[in-house]
Amino acid sequence: MASFPLRLLFLSTSVGALGSGLGGGVELTLLNMAQEMQHRGHQIKIVAPSGSVLADFPIAQIPGNLQETAQSQGRKAVITMPPDSVLANMWEYARQAQGDYDLLLNFAYDWLPFYLTPFLDRPIAHLVSMGSLTSAMDLVIEQVIDSHPGTIGVHSHAQADTFAFSDRCVVLGNGLDLSLYQFQPDPENYMAWVGRIAPEKGIEDAIAAAQTVKVPLKIWGAMPDIAYWQTICQTYPEANIAYEGFLSTTELQQAIGLSRGLLMTPKWIEAFGNVAIEALACGVPVIAYQRGGPAEIIEDGKTGWLVEPDSVAGLVEAMDKLDQIDRQTCRQRAEATYSMGAMGDRIEVWLRNVLDAIN
Ligand code: UDP
């Protein structure tokens, strides 16, 4: 039986510094897991690209060039790394420091950490943050699940199902510090859309639907590609949309909380969708396409509406029915399933099993 507390080394995503928003949901997930594990007495050290900031946690700041995001590369994409790769530098740090830790927790959806798993002395648990995207990633993750069963964690069943080895993934959900999210019983008249403004997130469908309903749509999130955003603005000149930047969690929850509802319109199989549980935590119903993580989080007719994927007409119809959703029920759902405590229990069981398997 693994002896707790643990000394844990968290290895962040290599696509951006923590705090930049480029890492998407991984940034908040890593923060929440670090806070909850520390709260339970475990010792946490974080390894991340230079410039990273994460509350008061000590971070080993690693220089080097960032990794490209995996989302848009196509199934046959080859594995690439830039010269002086921050990913490689982070794992060189891990190789040297591993003796000070009981377990390494990898948050990066990158080939290298999976490939390196059998080469390091310390066990590595991998939290996979996206569904299947490339054959090369599928293969290397499967090799790890074969050689180190139980070490691959995912956020939802829908995400696991994108892989051939779905039944061997550990489904962990996610969690939030609910004390940071205020329940808002009285919304103002606007809809919210929150996320990275990138093609796989499908913001154009939300804008088309808001334009039809003639409701204002407020948008928050990191904008890695301004040209993509400009094209969308030109396509929907009539829409009442406002891009309001990338906010801290404290500001974001206030902004989402005052909305009538959150629109989630991803074109890919969203692994989880942190923004869905952030909205629920504020008492905000979510209208989402019925696929991926959001379809597991939202209860149709209770905490929002699930809509036929890619149907703008479906989004319009759901917006008409938003008042049927009780905002208190949304908050209660977040408290029951997505608290830090509930998430921490799941993570501790997972890490204990990883360690017990090697002892
Ligand atoms: N986010 C934020 N400020 C903003 C907009 C978004 O901190 O103004 C965060 C949000 O809290 C969430 C993340 O961005 O954790 C988006 O994660 P999600 O899981 O929804 O999607 P991903 O980007 O990982 O595909």
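The values are calculated or read from the model by the stated rules, or taken from the named source; none is laboratory data. Just so we're clear, the structure is a prediction, and the values are computed from it rather than from any experiment. In this analysis, Cβ positions are derived from the backbone assuming ideal geometry, glycine residues included, and neighbour counts consider all displayed protein chains. To get the accessible areas, we keep the full protein, side chains included, count just its heavy atoms, and leave off ligands, DNA and RNA. Shrake-Rupley method; radii C 1.70, N 1.55, O 1.52, S 1.80 Å.
Among the residues of region 88-108, is there at least one that is at negative phi, surrounded by 23 or more Cβ atoms within 10 Å (Cβ to Cβ) and assigned to a loop (DSSP other than H, G, I, E, B)?
The initial filter retains those residues of region 88-108 that are at negative phi, namely 88-108.
Still in the running and surrounded by 23 or more Cβ atoms within 10 Å (Cβ to Cβ): 90-91, 104-108.
Narrowing the set further to residues that are assigned to a loop (DSSP other than H, G, I, E, B) leaves 107-108.
Yes, that holds for at least one residue.
Could you say whether any residue in region 51-59 is aliphatic (A, V, I, L, M), over 30 Å from F163 (Cα atoms), open to solvent by 30 Å² or more (accessible area, probe 1.4 Å) and part of a loop (DSSP other than H, G, I, E, B)?
There is at least one residue in region 51-59 that is aliphatic (A, V, I, L, M), over 30 Å from F163 (Cα atoms), open to solvent by 30 Å² or more (accessible area, probe 1.4 Å) and part of a loop (DSSP other than H, G, I, E, B).
Right, A164: crowded, with 17+ Cβ neighbours inside 10 Å and not polar (S, T, N, Q) or not? Can you show your working first?
Values: crowded, with 17+ Cβ neighbours inside 10 Å: no; not polar (S, T, N, Q): yes.
So A164 does not fit the description; no.
Checking E142 against (1) open to solvent by 40 Å² or more (accessible area, probe 1.4 Å); (2) in contact with a helix residue (DSSP H, G or I) (Cβ under 8 Å, 6 or more places away or on another chain), which test does it fail?
It is condition (2) that E142 fails.
Here's the yes/no breakdown for (1) at pLDDT 95 or above; (2) closer than 18 Å to Y109 by Cα:
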residue	(1), (2)
L22	no, yes
N32	yes, no
F57	yes, no
M81	yes, yes
E92	yes, yes
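Can you tell me which residue within region 212-226, out of those that are open to solvent by 60 Å² or more (accessible area, probe 1.4 Å) and either among the β-branched types (V, I, T) or away from the ligand (no atom under 16 Å from the Cβ) (or both), is nearest to S20 (Cα to Cα)? Reasoning before the result, please.
Pass one, region 212-226, residues open to solvent by 60 Å² or more (accessible area, probe 1.4 Å): 212, 214, 224-226.
So of that shortlist, the ones also either among the β-branched types (V, I, T) or away from the ligand (no atom under 16 Å from the Cβ) (or both) come out as 212, 214, 226.
Values: T212: 33, K214: 32, I226: 16 Å.
The selected residue is I226.
Quick one: which of E238, E200 is away from the ligand (no atom under 16 Å from the Cβ), surrounded by fewer than 17 Cβ atoms within 10 Å (Cβ to Cβ), modelled with pLDDT under 95 and not small (G, A, S)? Lay out the reasoning, then the answer.
Details: E200 fails: away from the ligand (no atom under 16 Å from the Cβ).
Answer to the check: E238.
Mind checking which residues of region 251-264 are open to solvent by 40 Å² or more (accessible area, probe 1.4 Å) and within 10 Å of the ligand (Cβ to nearest atom)? Even if it seems obvious, please write down each step before you answer.
Within region 251-264, the first condition is being open to solvent by 40 Å² or more (accessible area, probe 1.4 Å), and the residues that meet it are 251, 254, 258, 260.
Matches in region 251-264: E251 only.
If we scan region 265-277, do we find a residue that is open to solvent by 10 Å² or more (accessible area, probe 1.4 Å), aliphatic (A, V, I, L, M) and more than 10 Å from the ligand (Cβ to nearest atom)?
yes
Restricting to region 173-228, count the residues that are more than 22 Å from G74 (Cβ to Cβ), β-branched (V, I, T) and not in a loop (DSSP other than H, G, I, E, B).
Number of matching residues: 6.
For Y190, work out the one condition from (1) crowded, with 20+ Cβ neighbours inside 10 Å; (2) touching a strand residue (DSSP E or B) at 6+ places or on another chain (Cβ under 8 Å); (3) more than 30 Å from T117 (Cα to Cα); (4) not charged (D, E, K, R) it doesn't fulfil.
Going through the list (1) crowded, with 20+ Cβ neighbours inside 10 Å; (2) touching a strand residue (DSSP E or B) at 6+ places or on another chain (Cβ under 8 Å); (3) more than 30 Å from T117 (Cα to Cα); (4) not charged (D, E, K, R), Y190 breaks only (1).
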